Structure formats: C-alpha cells, structure tokens
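Encoded as structure tokens, the structure appears first; notes follow it.
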Amino acid sequence: MTLRALFDLLSGQPTLLFLLLSAVPTGAFLVNLWSGHTAESIWQWRYVYAALVYLACLPGMFALTLNIYLFLFERQSIWDMNLAVQLLPILTMVATLMMIRRKIPFSYIPGFGKLSGFLTLIAAIMGILWFVDRTRIYAVTYIPFVYILVGFIGLLLLIRFAWSRLF
C-alpha cells in the first residue's frame, strides 16, 4: 500500500476520518471537565494529557510536513488540497493544544519538549532540502556525494545544538 492509496482510502471515508480526528479534542474537553480545579487533581491527569497531545500532534505534524512538501517541492495548487487529509489533522492539533493549554502548562506535560524539538528538526531538514533543491547544488558540483551527506548531517547537528542552546 502506498501513501497515496492510504490517502485515497481515508478520503473515501471522510465521516470516519472526521470522527476519529474529532475524538481527540473531545477527549481533551472531557478530561478538562473531569480533572478538577486544584493543582493536585490536575497533576494526576498529566499522563492522560500527554497521550492526548501525542494523539493530536503526530497526525497534525505529519499533515503540516506533508503540506509543506507538497507546496514547496511538488508545487501542488492550493485548489487541489485534500481538506480531510491535509487540513483536518492540523485543525485537530490546534484545537486540542488550545484546550489543554487552558488547564495545564505544556511544561508540565511529559514529553512535550520532545515534540517541539522533533518539529524543529523536521523544519530544519525541510529548509535545508528546499535550499538544496532551489540552488541545484547537487547538479553543478563535482563534490563527492559522501561529502555533501557529511555536510548535511553536520549542519543538522549544528542546528540541533543551536536550538538546544537557544531554549
């Protein structure tokens, strides 16, 4: 099964996809109601909040990365955008994070920093690949591919180190 076949399958059942993706913000809303109002009672629900954050952010980050790839590299028109697969996970992620932020700071959610670091790393990789694609450096240079690969990995490590020192 290819990714295109999976997206066609999901697009064929938009109601099911909507129900699955809307279950995450609905769960966040219900957990906000059930978790109480004191700091101790909210603190006990932090792992449930972490699960909800991961359930919302992984498809949302994938859809965001897919959109960036399709618009920058594949030059997809915005008129051809599949709303169910390309936009709904992002809206689910935003809605879930907004509901959770009302109840508990993200710094108290286990593993949330890993997600933001992962998204930063994906953004850095996409930026570097877009730069290489636009400059066509790989087509006009006689540098061996191994050196380009080592430089790419070194640049990623530099970006990761700079990001960790920045925040």
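Of all residues in the stretch 30-50, those that are open to solvent by 30 Å² or more (accessible area, probe 1.4 Å), of a type in the set (F, W, Y) and either in a helix (DSSP H, G or I) or at pLDDT 90 or above (or both) total 3. In the set A39, A23, A63, only one residue is without any contact (Cβ under 8 Å) to a residue 40 or more places away in the chain and closer than 21 Å to G113 by Cβ; that residue is A39.
Which of the helices (runs of 4 or more DSSP H) found entirely inside the stretch 69-141 contain at least 3 residues meeting this: at pLDDT below 75, on the phi < 0 side of the Ramachandran plot and exposed (fewer than 12 other Cβ atoms within 10 Å of the Cβ)? Reasoning before the result, please.
Details: elements: 88-103, 112-135, 137-140.
Of the helices (runs of 4 or more DSSP H) lying wholly inside the stretch 69-141, those with at least 3 residues that are at pLDDT below 75, on the phi < 0 side of the Ramachandran plot and exposed (fewer than 12 other Cβ atoms within 10 Å of the Cβ) span 137-140.
Return the total of residues in the stretch 1-29 being outside any loop (DSSP other than H, G, I, E, B) and open to solvent by 60 Å² or more (accessible area, probe 1.4 Å). Before you say what the answer is, go through the steps one by one.
Of the residues in the stretch 1-29, the ones outside any loop (DSSP other than H, G, I, E, B) are 3-12, 14-29.
With the extra rule that they be open to solvent by 60 Å² or more (accessible area, probe 1.4 Å), the set shrinks to 3-4, 6, 8-9, 14-16, 18-20, 26, 29.
Matching residues across the stretch 1-29 total 13.
The values are calculated or read from the model by the stated rules, or taken from the named source; none is laboratory data. If you're wondering where the values come from, they're calculated on a predicted model, not measured in any experiment. Heads up, the Cβs are rebuilt from the backbone with ideal geometry, glycines too, and the neighbour counts pull from every protein chain shown. Quick note on the areas: whole protein, heavy atoms, side chains included, nothing else; ligands and nucleic acids left out. Shrake-Rupley method; radii C 1.70, N 1.55, O 1.52, S 1.80 Å.
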